[in-house]
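Below is one structure, written out as structure tokens, with a few remarks after it.
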Amino acid sequence: MVGRLGGHGAIGRIRTHPREGEGRRRRPRGGDGRATYNATFKTMSFEGKKMTAAYDFPPDEQAEVVLVAAFEGDSASGTWVLRAKQDKTEVASGTWKVKKK
């Protein structure tokens, strides 16, 4: 699935069929020059058409990203939150959308 990460102008891909049992997410370099990173989901759960997932934020291991998604047909949309691991303080947040090619 390919989509725009809200507000950041970066295109991201979510591998829907992970290799070797790992869920991975890749965020390529956006037009704003932000670095590319790979992250392994540490949690991922599905309830009907809703997914909740989290991964450690590679540029700062004291932070994590939490994704919530709703799937409909060949599309998904949701929210993301970057927060401190220790006290869950929200640092940044936004929305995102993806559509299967």
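The values are calculated or read from the model by the stated rules, or taken from the named source; none is laboratory data. Remember, predicted model here, so these are calculated numbers, not experimental data. Here the Cβ is made from the backbone with ideal geometry for all residues, glycine too, and neighbour counts use every protein chain on show.
Taking the conditions exactly as written (part of a strand (DSSP E or B) and at pLDDT below 95), does A70 satisfy them or not? It is false that A70 is part of a strand (DSSP E or B) and at pLDDT below 95.
The set of residues in the stretch 55-67 that are assigned to a strand (DSSP E or B) and either farther than 18 Å from N38 by Cα or in contact with a Phe, Trp or Tyr (Cβ under 9 Å, 6 or more places away or on another chain) (or both) comprises Y55, A63, E64, V65, V66, L67. Exactly one residue among T16, T40, T79, T52 is exposed (fewer than 14 other Cβ atoms within 10 Å of the Cβ) and either part of a strand (DSSP E or B) or modelled with pLDDT of 50 or more (or both), and that residue is T40.
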